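What follows draws every value from the coordinates through simple rules; no lab data is involved. Everything quoted here is computed from the prediction, not taken from an experiment. Glycine gets a Cβ as well: all are built from the backbone with ideal geometry, and neighbour counts include every protein chain shown.
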Amino acid sequence: MKNYGLIRTAAAVPATRVADTCYNTEGICSLAGQAYEKQASIVVFPEMCITGYTCGDLFRQTLLLKGAEEGMEQIVKFSQGRKMAIVAGAPVPLHGRLYNCAIVIKDGEILGIVPKMHTEGDRWFASGSEIECEDIRYAGQYCSMSPDLLFETGEAVIGVEIGEDLWAPVQPSTYHALAGAQIIAN
């Protein structure tokens, strides 16, 4: 497929247990492994897949946030030696605020973290629209966090938006495409 300029992509939806980051991490790694075996270059998981989306006030608990970060660290380790981009969702704290993020991982490295922009009416997550570009330490690595990141995977340039970002009058993907993104992961 690559000889013809095509890229195999996968969307994966693991069984999720609310706030059970260990169980969810195992499911994410299992499905990512299946996508890799089928020669996918990119596998995209749902937003908040590492914790479940309906954790409510548990999102304010340090134990859940620590579990999510440790789970992402395991996914990063799982990705080592695999030339496939993994896009998975997790809550990420920054400067006393919590963000609903997509974390882009490839071959043992976090390429970057993209916060959700449109969070109107969401009582747990702040909008990432105010983040220009922050360099943070997450899951044992230093990486950039910004809604404007694009990811060069060696095969394509990927832009990421999250959930309802797609429904905005002008979606983040519009800007990603204008900046050179060839694939938009949501």
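Rounded to the nearest 5, what is the percent of antiparallel bridges among the DSSP beta bridges in the chain? If you can, show how the numbers build up before the last one.
On the way: 24 of 34 bridges.
Of the beta bridges lying entirely in the chain, close to 70 percent run antiparallel.
Note down, for the chain, the three equivalent ellipsoid semi-axes (square root of 5 times each alpha carbon gyration tensor eigenvalue), biggest first, whole angstrom. Walk me through the intermediate numbers first.
Working: eigenvalues 111, 82, 42 Å².
Three semi-axes, in Å: 24, 20, 14.
Where does the charge balance sit around Glu164 when Lys and Arg score +1, Asp and Glu -1, over other residues with C-beta under 11 Å from its C-beta? Before the final figure, lay out the partial values.
Details: positive: Lys116; negative: Glu47, Glu120, Asp122, Glu161, Asp165.
Counting the neighbours of Glu164, the net charge comes to -4.
May I ask for the equivalent-ellipsoid semi-axes of the stretch 91-139, computed as the square root of five times each C-alpha gyration tensor eigenvalue and listed largest first in whole Å? Don't skip to the end; give the middle numbers.
Working: eigenvalues 83, 24, 19 Å².
Sorted largest first and rounded, they come to 20, 11, 10 Å.
Rounded to whole Å, give me the distance from the Cα center of the stretch 161-186 to that of the stretch 91-136.
When both Cα centres are located, 15 Å separates them.
Roughly how many debye, to the nearest 20, is the charge dipole of the stretch 63-102 about its Cα centre, given +1 on each Lys and Arg Cβ, -1 on each Asp and Glu Cβ, and no other charges?
On the way: 5 positive and 3 negative charges, 29 e Å.
For the stretch 63-102, the charge dipole is close to 140 debye.
Can you give the helix-only mean residue ellipticity at 222 nm for the chain, where every DSSP H stretch with n ≥ 4 adds -39500 (n - 2.57) and the sum goes over all residues, rounded to the nearest 500 deg cm²/dmol? Intermediate values should be presented prior to the final figure.
Values: 3 runs with 42 residues, N = 186.
So the helix-based figure for the chain works out to -7500 deg cm²/dmol.
What is the magnitude of the charge dipole of the stretch 7-119 about its Cα centre, with +1 placed on the Cβ of each Lys and Arg, -1 on the Cβ of each Asp and Glu, and no other charges, expressed in debye to the nearest 20?
Working: 11 positive and 10 negative charges, 50 e Å.
The calculated dipole for the stretch 7-119 is roughly 240 debye.
Along the positive direction of the dipole of the stretch 36-118 (beta-carbon charges: Lys, Arg +1; Asp, Glu -1; about the Cα centre), which of Gly52, Gly81, Pro93 reaches farthest?
Positive-end residue among those listed: Gly81.
Dipole magnitude of the stretch 117-173 about its Cα centre, charges +1 at Lys/Arg Cβ and -1 at Asp/Glu Cβ only, in debye to the nearest 20? Let's see the in-between values first.
Details: 2 positive and 12 negative charges, 37 e Å.
Taking the Cα centre of the stretch 117-173 as origin, the dipole is about 180 debye.
Over the stretch 1-95, what is the mean sequence separation of C-alpha contacts under 8 Å (at least six apart), divided by residue count, expressed as relative contact order in percent?
Working: 137 pairs, mean separation 32.3, N = 95.
Reported relative contact order: 34 percent.
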